[in-house]
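**Student:** My questions all concern the structure below.
What follows draws every value from the coordinates through simple rules; no lab data is involved. Just so we're clear, the structure is a prediction, and the values are computed from it rather than from any experiment. Note that we place each Cβ from the backbone using ideal geometry, even for glycine, and neighbour counts take in every protein chain shown.
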Amino acid sequence: MKIASRFLTPPEPAATIQLTLDGEPVTARAGDTVAAALLAHSGDASRLTARGAPRTAFCMMGVCFDCLVEVDGRPNCQGCMVQVRDGMVLRRQRGPRKLMGGAQDA
Amino acid sequence: MASGTSDIAIIGGGVVGLSTALGLLRSGRQVTVFDGADMDLRASQGNFGLVWLQGKGADFAPYAEWTRDAVAAWPDFAGGLKDLTGTDVALDQSGGFEFFTDSEEFSDFAAALGRQQAVLGNRFSHEIVSGDDLRRSHPGIGPDVVGASFCPLDGHVNPLRLLQVLRCAVLGAGGRLVTDAHVVDVQASGGGFDLTLRDATRVTAERIVLCAGLGTSALAGKLGFRTRVRPQRGELLITEKLAERLPFLSSTIRQVDEGGVQIGGTKADAGPDDSETLEVMAGLARHAVQVFPALADVRVVRAWGALRVMSPDGYPVYARSRLHPDAHLVTCHSGVTLAPLHATALADWINGSVDAPNLEAFDENRFALSDAA
């Protein structure tokens, strides 16, 4: 279940691009970071820690590592340090990454 | 300013000092541990956490025996610490590998293990495995590995948690722990000892155990000891956490119980400098990928240098001062492996009990000749 995002989009959105999050289509503003796009999409947790606690982006400046997300098959990417690209495939991480990369499905 | 008196003062609050303190407390002694300053060189905060037997004492039987006893005592020791503090140090003794990419180093080490086997007999066992056999039993091992040794008695703990648990255990057993207490001077006086801390605090103690790691050399001479120690730098990497368990433990690659992979084992004489270097870090990463190519895609998240505490011959020193018999000196490189004995039998030796182990082989009189030279 999604909760309403606390982050408001500006009145005149720039060009939009399409990406997917866990297979679902997501529309994002060009130029945004992955972390910003995920926050604007929903206020949901974007990953679970190794002990199963929910997390999403916090510092938005590359320091806290709470925004880790799988980007195009590469785990543990800092969402706040990567710009969205058309067709990007994002997956939420559930727990630590796997040795051979890939999805984090339990 | 004076700050009380203790039965026994332990100088040094690392793994060695705390283990020794715990044993003395359990024997009924009143103990105060003086832990150094934040910026002191602390082997106990940078080490690898191995509980390791293979290769130890191949050419010095007393060390092979002592290490074997320590490894055997670890399960009870870890269980006792958990009972005392409620915290698990993540002891895992399911065996460890030493991987080789150089045939000559491999055969030299195999020969050393043969000598260790001859010393320990049925109290030790090891296997020498060819690269191809290894890749059959452990399919992820890389093609550059020419062979490995395996000892089923080897293992590891979480070293930072061990340090924390030892501190809790010492406090729980009624010990006093004084932090930020760098001892700058110690003098024998009237049957006891006067200690001076850096902030000029004065403390007295009836007996002293010097367990100061790399701080040992500065104080040893004042108590009549001839032992001097030197730093040996090791550099370490740690990776992001992995969901799976690595299918092996080695002396250079271990997975922390929390999931990260620690890579280390380098040795350098760099003086009191614990910084890390790009060249050595790159070499460590290369080694890890040679041994286990799947690690190539895994990111390193931290790296650090740390200084080992090395006696002149690398073996432990357990010495009673000839000038001041109530002063003892304890130093070793393998403070984690030997901790269970430091927390039991060593207290008997310090107390002069009749059933104390014979530690004569570890006395500092073995350094007399090199001093005279």
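**Student:** Given the conditions (1) assigned to a strand (DSSP E or B); (2) more than 22 Å from the chain's Cα centre (by Cα), report the number of the one that B:PHE150 does not fulfil.
**Tutor:** (2)
**Student:** Give A:VAL34, A:VAL63 a once-over and let me know the one that is β-branched (Val, Ile, Thr) and more than 14 Å from every other protein chain (Cβ to nearest Cβ).
**Tutor:** On inspection, the qualifying residue turns out to be A:VAL34.
**Student:** Output the residue which, of all residues in segment B:292-313 that are out of contact with any Ser or Thr (no Cβ under 8 Å at 6 or more places or on another chain) and exposed (fewer than 15 other Cβ atoms within 10 Å of the Cβ), is nearest to the other protein chains (Cβ to nearest Cβ).
**Tutor:** Here the answer is B:ASP297.
**Student:** Here is a further query. Which strands (runs of 3 or more DSSP E) sit wholly inside segment B:187-295 and have at least 2 residues that are of a type in the set (D, E, K, R)?
**Tutor:** Qualifying strands (runs of 3 or more DSSP E): B:202-210, B:230-239.
**Student:** Of the conditions (1) in contact with a Pro (Cβ under 7 Å, 6 or more places away or on another chain); (2) without any contact (Cβ under 8 Å) to a residue 40 or more places away in the chain, B:PRO75 fails just one. Which one is it?
**Tutor:** (1)
**Student:** How do the pairs read when you match residues in segment B:224-250 that are over 30 Å from A:ARG94 (Cβ atoms) and more than 13 Å from every other protein chain (Cβ to nearest Cβ) with residues anywhere that are outside any loop (DSSP other than H, G, I, E, B) and acidic (Asp, Glu), using Cβ under 6 Å and keeping only pairs 6 or more apart or on different chains?
**Tutor:** Correct list of pairs: B:ARG226/B:GLU364; B:ARG226/B:ASP371; B:THR227/B:GLU364.
**Student:** Among the listed residues B:VAL184, B:VAL178, which satisfies the condition of being free of Cβ contacts under 8 Å to residues at least 40 places away in the same chain and among the β-branched types (Val, Ile, Thr)?
**Tutor:** Going through B:VAL184, B:VAL178 in turn, the sole match is B:VAL184.
**Student:** Can you name the strands (runs of 3 or more DSSP E) wholly within segment A:26-106 that have at least 3 residues being closer than 24 Å to B:LEU242 by Cβ and among the hydrophobic types (A, V, I, L, M, F, W, C)?
**Tutor:** A:68-71
**Student:** Testing B:GLU127 on (1) buried (at least 18 other Cβ atoms within 10 Å of the Cβ); (2) among the charged types (D, E, K, R); (3) more than 24 Å from the chain's Cα centre (by Cα), one condition comes back false. Which one is that?
**Tutor:** Among (1) buried (at least 18 other Cβ atoms within 10 Å of the Cβ); (2) among the charged types (D, E, K, R); (3) more than 24 Å from the chain's Cα centre (by Cα), the lone unmet condition for B:GLU127 is (1).
**Student:** Please list, ordered by first then second residue, the pairs with beta carbon atoms under 8 Å, 6 or more apart or interchain, first in segment A:82-101 and away from every other protein chain (no Cβ under 14 Å), second assigned to a strand (DSSP E or B) and among the small types (Gly, Ala, Ser).
**Tutor:** A:VAL84/A:ALA28
**Student:** Considering B:THR32, B:THR67, which residue is farther than 23 Å from B:ASN158 by Cβ, in contact with a Lys or Arg (Cβ under 8 Å, 6 or more places away or on another chain) and not hydrophobic (A, V, I, L, M, F, W, C)?
**Tutor:** B:THR32
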